[in-house]
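*Asks:* Okay, here's the structure, questions in a sec.
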Amino acid sequence: MAEERISALAVEFISFCFQRRSVGWPQIYDEMCYVAGNRLYKGLGYDELREAGLDFTLSGLARTSRVTSEVTRSMRREAALAS
């Protein structure tokens, strides 16, 4: 990931959400909010995910979008190579 440190947990969370709903931004953001709001991934909510490097607030949205795009792009590339 770029200049900021993103935890493996944040990457796993994004991957989990993308596996649930294979869509681009901003639809994946909606899925991530749903998953976080309902604590569907390892019981993690917004606060825990912010500590892991994902901020769902307006001020953190650009970074979250960038990180999510990098993770999902990598997942799509891996899927293409596997098929």
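The values are calculated or read from the model by the stated rules, or taken from the named source; none is laboratory data. Treat the numbers as computed from the prediction; the structure is a model and nothing was measured. Positions of Cβ are backbone-derived with ideal geometry, glycine not excepted, and every protein chain shown enters the neighbour counts.
*Asks:* Tell me which residues, restricted to region 22-46, are in a loop (DSSP other than H, G, I, E, B) and of a type in the set (Ser, Thr, Tyr).
*Replies:* Hits for region 22-46 are SER22, TYR41.
*Asks:* Additional query: From ARG63, ARG76, ARG20, ARG50, grab the single residue that is touching a residue at least 40 places away in the same chain (Cβ under 8 Å) and either among the basic types (Lys, Arg) or in contact with a strand residue (DSSP E or B) (Cβ under 8 Å, 6 or more places away or on another chain) (or both).
*Replies:* Result: ARG63 is the single residue among ARG63, ARG76, ARG20, ARG50 that is touching a residue at least 40 places away in the same chain (Cβ under 8 Å) and either among the basic types (Lys, Arg) or in contact with a strand residue (DSSP E or B) (Cβ under 8 Å, 6 or more places away or on another chain) (or both).
*Asks:* Quick one: PHE13 ticks every box in (1) at positive phi; (2) within 11 Å of the chain's Cα centre (by Cα) bar one, so which box is it?
*Replies:* (1)
*Asks:* Here's something else I'd like to know. Could you check GLY60 against (1) of a type outside the set (D, E, K, R); (2) modelled with pLDDT under 95; (3) assigned to a loop (DSSP other than H, G, I, E, B) and say which number it fails?
*Replies:* In the conditions (1) of a type outside the set (D, E, K, R); (2) modelled with pLDDT under 95; (3) assigned to a loop (DSSP other than H, G, I, E, B), GLY60 misses (3) alone.
*Asks:* Does region 6-21 include one or more residues that are at pLDDT 95 or above, part of a loop (DSSP other than H, G, I, E, B) and surrounded by fewer than 17 Cβ atoms within 10 Å (Cβ to Cβ)?
*Replies:* There is at least one residue in region 6-21 that is at pLDDT 95 or above, part of a loop (DSSP other than H, G, I, E, B) and surrounded by fewer than 17 Cβ atoms within 10 Å (Cβ to Cβ).
*Asks:* Among the residues of region 65-83, write down those that are out of contact with any helix residue (DSSP H, G or I) (no Cβ under 6 Å at 6 or more places or on another chain) and of a type in the set (S, T, N, Q).
*Replies:* Across region 65-83, the qualifying residues are SER65, SER69, SER74, SER83.
*Asks:* In region 23-47, which residues are surrounded by 15 or more Cβ atoms within 10 Å (Cβ to Cβ), without any contact (Cβ under 8 Å) to a residue 40 or more places away in the chain and closer than 25 Å to ALA80 by Cα?
*Replies:* TYR29, GLU31, MET32, listed by residue number.
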